[in-house]
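Taken together, the values in this text are just the output of simple stated rules run on the coordinates, not laboratory data. What you are looking at is a predicted structure, and each value in this text was computed from that prediction instead of being measured. Here the Cβ positions follow ideal geometry from the backbone for every residue, glycine too, while neighbour counts run over all protein chains shown.
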Amino acid sequence: MPTPWFADICNFVAASKFPLEASQLYKEKLRSNAKCILYTKIKLVLQFCHATSRGAHYGSTRTTRKVLDYEFYWPTIFRDTY
């Protein structure tokens, strides 16, 4: 069974340890208050952030920005919003 995508986050929360190959940007992301979500919830978050209250739809760049503004994160966020 492959290691879950959130294993590094769990290790950081439990032991304050970063992966050896972690870049400075990755370390800053782990320290942030971003809410990591399960793959099963990605579609719901994208639908919420893609639609506007006026019935229009945002493009991929704006949708990604909205997801990040709401402080959600998952490893494939940029690919999934495209």
Ordering of 72-80, 14-22 by burial proxy (mean other Cβ atoms within 10 Å per residue, highest first): 72-80, 14-22
Amide H contacts of Phe72 (H built 1.01 Å from N, under 5 Å, at least 5 apart or other chain): Lys35
Ratio of the Cα radius of gyration of the chain to 2.2 N^0.38 Å, where N counts its residues: 1.23
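For the ranges 38-48, 61-71, what's the packing order if you count other beta-carbon atoms within 10 Å of each residue, average per peptide, and put the highest first?
Going from most to least packed, we get 61-71, 38-48.
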Neighbour net charge for Lys35 - beta-carbon separation under 13 angstrom, K R +1, D E -1: 0
Net +/- balance of residues flanking Trp5 in space, Cβ distance below 14 Å, scoring K and R +1, D and E -1: +1
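Would you calculate, for the chain, the mean residue ellipticity at 222 nm contributed by helices, counting each DSSP H stretch of 4 or more residues as -39,500 (n - 2.57) and dividing by all residues, to the nearest 500? Show your work: numbers first, answer last.
Values: 5 runs with 41 residues, N = 82.
Result for the chain, helices only: -13500 deg cm²/dmol.
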